[in-house]
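The structure appears right after this line, and notes come after that.
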Amino acid sequence: MSVLLEFSMTPLDKGESVSKYVSRSLDIIDKSGVSYRLGPMGTCLEGEYDEVMSVVKSCLDKMQSDCKRVSVSIKMDVRDGASDRLSGKIASVEKNLGRQINK
């Protein structure tokens, strides 16, 4: 089953700036081979369910290695037989609008 999974993961015990910890998660995601898009408030992964959930688990395991409290938010869109949805969903909206949107 094809999944778009958007998530954000933040340590709650590391002060105001947490980019050091978020960067470690992006390293895991990038090395995983899973298709993804980084956004300002989270990251969207595309792949099979077990594959994307494994990436999230790896990120959480790394975060928990030196963070005592972690906030995780996950949103999923599951659709059989669909692919290239990271860009396809945006292309569909642009087609309906008849123009490109600010990306």
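Each value in this text was obtained by applying a stated rule to the coordinates, not by laboratory testing. Values in this document were obtained by computation on a predicted structure and should not be read as measured data. Every residue, glycine among them, receives a Cβ derived from its backbone with ideal geometry; neighbour counts consider all protein chains shown.
Things worth noting here:
- Within a Gaussian network of the chain (alpha carbon springs, distance under 10 Å), most fluctuating of G33, G81, G47: G81
- Lys/Arg +1, Asp/Glu -1 at C-beta; the chain dipole; positive extreme among L4, M41, V70: M41
- The C-alpha radius of gyration of the chain, expressed as a fraction of 2.2 N^0.38 Å, stands at 1.18.
- Extension gain, S23 to I74, is 16.6 nm, computed as 0.36 nm per intervening residue step minus the present C-alpha separation.
- Filter on K57/K95; K62/K89; K57/K89; K14/K62; K20/K62 - keep pairs with C-alpha separation over 24 Å: K57/K95; K62/K89; K57/K89
- Candidates S87, S54, S35, ranked by Gaussian network fluctuation over the chain, Cα under 10 Å, top entry: S87
- Sites S54 and L97 - FRET efficiency at Förster radius 25 Å, r taken between beta-carbons, to 0.05: 0.10
- Note that region 8-17 has calculated 3J(HN,Hα) couplings of 9, 9, 9, x, 9, 10, 10, x, 6, 9 Hz, one per residue in order, obtained from phi through the Karplus relation 6.51 cos²θ - 1.76 cosθ + 1.60 (θ = phi - 60°); glycine and proline are x.
- Cβ crowding within 10 Å ranks R85, R99 as R99, R85, fewest other Cβ atoms first.
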